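Data block below; observations after.
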Amino acid sequence: TTTTTTTRPATTSTHATTVVSDFCVAKLTSSANKTCTCTGECRSCFWLGTAPGACIECKNSTYLLDDVCVAVCPDNYVATGLSKNVGRTCVLLATAPATTTTALPTTFTSTTTTTTTTT
């Protein structure tokens, strides 16, 4: 059994130019428990009154990427949440800071001076 809790925003938020006032989670709206359906492999989405909005959680082992569910994360992204069937995401890899490496010499020169004194 998987329990997912999604909290409703304290204030009305906006997505693009449409006012978002509810969520659709597992086929029910979060505020009124009315029937709703997100698109494709999306499990939870913003609910725009009578139509689904941007996806916020995917199902069936798909990954959330820019509000859309995808089967595989693209290059430069890492897949997270691999142990779950829902809630997987694609996260952009952080660019590692450039490092400078100075190579050590591979050969060494050694000079030996011998001084002989005769009397």
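The values are calculated or read from the model by the stated rules, or taken from the named source; none is laboratory data. What you see is a predicted model; the values in this text were computed from it and never measured. Cβ sites come from the backbone with ideal geometry, for glycine too, and all protein chains shown count toward neighbours. What goes into the accessible areas is simple: the full protein's heavy atoms, side chains included, and nothing from ligands, DNA or RNA. Shrake-Rupley method; radii C 1.70, N 1.55, O 1.52, S 1.80 Å.
I'd like the accessible area for PHE46: 1.4 Å probe, protein heavy atoms, all chains in place, Å² to the nearest 10.
The accessible area of PHE46 comes to roughly 40 Å².
Which net charge results when you count Lys and Arg as +1 and Asp and Glu as -1 among the other residues whose beta-carbon is under 12 Å from that of ARG43?
+2
Any idea of LYS84's accessible area? Nearest 10 Å², probe 1.4 Å.
Approximately 100 Å² of LYS84 is accessible to the 1.4 Å probe.
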